[in-house]
Amino acid sequence: PPMMPWTGAQATQATTIARMPADTNKYFVFSLSTGGQLYYSVIDMTLDGGLGDIIPGKKSIVLTSGLTEKMTVVKGCNNIWLITRALNSNQYRAFEIRDTAINTVPVISNSGNLPLSWYRFGVIKFSPDGTKMAAACNRNWNSTGGLELYDFDKHSGTISNAQVMDSSSTMAYYYGACFSPDNSKLYATVSSFSYQNTFYAGKV
């Protein structure tokens, strides 16, 4: 059976996994639907003869709703942060994973300078040192998009200092992003697509 209700489509960042900081045999599996619902299940790798299984009663637990398709995890200070983006408000929501539990009350950061509707699609990615976050944004398929860069506080889970790197991506859309291993470079992709019988090539 599915680990979350099937919505018939794929979210940009549909799944991510985080190991419990205080138990190396257990993992949180987070599932994000295209409708903005966020679920989680808890896996214990000691179950099923060491093959791993979902802990009874810990499957498809609703964590929150009203999200865009952005979701990722980043290492904090003796903890892990699950980062999401609200759909209808200028908010990033950071859920703290500490020891063997997740805090269901998120840290709210009101951060972002692009139009609100642009945040629905595209990834959020962190630099390897966890101090910067990038957001690839676009309003809709074959539409306008932009790219933002933020500061991240690993202690508090707050996201701040939104810097618009590009807001002029007309008739294209940002979708992917990643940082170089030495934290010095940010790469982002504009996806390829066809519109009104014209093909637009993707770019890095």
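The values are calculated or read from the model by the stated rules, or taken from the named source; none is laboratory data. Keep in mind the model is a prediction, meaning the values are calculated, not measured. Cβ sites come from the backbone with ideal geometry, for glycine too, and all protein chains shown count toward neighbours. Protein only, heavy atoms only, side chains kept; ligands, DNA and RNA dropped before computing areas. Shrake-Rupley method; radii C 1.70, N 1.55, O 1.52, S 1.80 Å.
Some observations on this one:
- Protein accessible area in segment 1-149, 1.4 Å probe - carbon and sulfur %: 51 percent
- Rounded to the nearest 10 square angstrom, Arg120 shows an accessible area of 90 square angstrom against a 1.4 Å probe.
- Among 60-67, 129-136, the order from most to least packed when residues are scored by Cβ within 10 Å on average: 129-136, 60-67
- Computed from point charges on the beta carbon alone (+1 for Lys and Arg, -1 for Asp and Glu), the dipole magnitude for the chain about its Cα centre is near 280 Debye.
- Per residue, the average separation of C-alpha pairs within less than 8 Å and at least 6 apart gives segment 1-149 a relative contact order of 17 percent.
- Here percent of Cα pairs over 28 Å apart was computed from the coordinates, and among (1) 29; (2) 50; (3) 36 the match is (1).
- Percentage relative contact order, segment 73-119, counting C-alpha pairs under 8 Å, at least six apart: 31 percent
- Percentage relative contact order, segment 65-143, counting C-alpha pairs under 8 Å, at least six apart: 25 percent
- At the residue level, Ser194 shows approximately 80 square angstrom of accessible surface with a 1.4 angstrom probe and all protein chains present.
- Once each of the chymotrypsin sites (Phe, Trp or Tyr not before Pro) sitting in a DSSP loop with at most 14 other beta-carbon atoms within 10 Å is removed, the chain keeps 7-140 as its longest stretch.
- Value of Rg to Rh for segment 1-58 (Rh from inverse mean 1/r over Cα pairs, i.e. Kirkwood): 1.02
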